[in-house]
Amino acid sequence: MKRRVLLTGGAGFIGSAVVRYIIKDTQDSVINVDKLTYAGNLDSVIDVSESERYQFEQVDICDRAELDKLFEIHRPTAVMHLAAESHVDRSIDGPSEFIQTNIIGTYNLLEAAKAYYLTLPPQEQSAFRFHHISTDEVYGDLEGTDTLFTEDTSYAPSSPYSASKASSDHLVRAWQRTYGLPTVITNCSNNYGPYHFPEKLIPHMILNALDGKALPVYGDGQQIRDWLYVEDHASALYQVVTQGVVGETYNIGGHNEKANLDVVHYICELLEEFVPSKPDGVTNYKDLITFVKDRPGHDVRYAIDASKIDNELGWTPSETFESGMRKTVLWYLENQAWWQRVLDGSYSLKRIGNK
Ligand code: NAD
């Protein structure tokens, strides 16, 4: 069966990896629906944008009338919903956009999908899926324990970002249970890899180090995250949207618990290997590490039990933290044009007239 996937947020970090995966590794089509906020970058899908199986629609998921039109025109067989405001620090400084896009936007998309789903003949209804992509941050903080998040862990979000994502997860479950919309949900750990926006920890550290700038680490740097290479996440998402059981939730993780400070140390070690000639005044990249005031409400530990997706759908990550990080650092070294256009703002000029 060839699918038509209406994918939201396909100009973002993970969404663009899923778009590239679908076009390169499957026979399916993708309709990339993205508002192109500061985080949206069409350069990230340039490799596949000429494919006849790829289309782009610049639409805000808060605009219900536009969403209805998209369903009518494209008649998708599946929705993969990744569009979101995703940066925790921004959610602390200004939660409003997070409430709008992550909660109201998800509500709009559910309503548009439901209205469309109800018009489908029974056979197409049974094949239809609404896949909501979420985060392990909805489960809150595991500080002081050695337990893992399972699909049954209670929700206890800490930040405006994770609270808005938790809200959206609840809405999706309610639309499945109350209206029978065939949904699946995934909750994933921290992603890293190519095309990651430079404000996020790993690219921020790589680019600052290359420029001889300080490497700011929150608090004591002992916050633990489970890290997953983004292309592994893309393959997991495709497995869930095609094989997942309606109404189920799947946790996705990389089996890579690392303290933030250890992540930064590893980046410095890789840069010592790949770029031994350092900027003026820098003897060791690690000397650039500076500890800064911790983020308010900062969760200390997240850790994922990803055994369900392994046992039930046969998915496991293919990259270790070491192999994925090597690929990532090399990608930033070899793709300066991509991140230079983000840093100088020219990537966003594509927003105009690019439907
Ligand atoms: P991102 O910030 O890189 O990309 C988000 C994309 O959504 C951007 O292209 C942006 O333009 C688009 N967007 C934002 N608001 C929109 C709106 N109102 N209408 C249409 N498009 C809009 O995010 P990401 O890191 O790729 O994350 C994608 C999804 O995965 C999010 O739902 C996030 O919560 C989830 N997630 C992320 C991680 C992670 O480590 N990055 C981990 C687990 C889950």
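Which FRET efficiency, nearest 0.05, do Ser96 and Leu349 yield, Cβ-Cβ r, R0 25 Å? It comes to 0.45.
Based on DSSP H segments of at least four residues, each scored -39500 (n - 2.57), the chain has a per-residue ellipticity at 222 nm of -11500 deg cm²/dmol. In the chain, the C-alpha radius of gyration followed by the widest Cα-Cα span (Dmax) gives 19.9, 68 angstrom.
Mean sequence separation of contacting Cα pairs (under 8 Å, at least six apart), scaled by the length of the chain, corresponds to a relative contact order of 18 percent.
Mind telling me which of Phe128, Phe98, Phe274 comes out most flexible in a GNM of the chain, alpha-carbon contacts under 10 Å? Per the Cα network of the chain with a 10 Å cutoff, Phe274 tops the list. Estimated from the Cβ-Cβ distance and a Förster radius of 25 angstrom, the FRET efficiency linking Leu330 and His87 is about 0.50.
One decimal place: the segment Asp262-Thr178 gains 25.7 nm when fully extended, by the rule 0.36 nm per residue minus the C-alpha distance. Taking label points 7 Å from Cα along the Cα-to-Cβ direction, Asp220 and Asp280 give a separation of 3.8 nm. For the residue pairs Lys200/Lys258; Lys2/Lys165; Lys24/Lys114; Lys35/Lys213; Lys24/Lys69; Lys24/Lys200, the C-alpha atoms sit more than 21 angstrom apart in Lys2/Lys165; Lys24/Lys114; Lys35/Lys213; Lys24/Lys69; Lys24/Lys200.
Its relative contact order, with pairs defined as Cα atoms under 8 Å and 6+ residues apart, puts the stretch 20-90 at 30 percent. Roughly how far apart, in whole Å, are the Cα centres of the stretch 1-75 and the stretch 80-115? Answer, in whole Å: 17. Under 5 Å from the amide H of Phe291 lie the amide H atoms of Val217, each residue being 5 or more positions distant or on a separate chain, with H modelled from the backbone and absent for Pro and chain starts.
May I ask for the distance between the Cα centers of the stretch 292-355 and the stretch 238-259, given as a whole number of Å? If you average the Cα positions of each part, the centres end up 16 Å apart. Residues whose amide H falls under 5 Å from that of Cys188, counting only those 5 or more places apart or on a different chain, are Ser134, Thr135, Asp136, Ile252, with hydrogens built in the peptide plane.
No lab work stands behind these numbers, since they all come straight from the coordinates. Here the structure is a predicted model, which means the values were calculated and not measured. Using ideal geometry, Cβ is built from the backbone for each residue, glycine included, and neighbour counts are taken over all protein chains shown.
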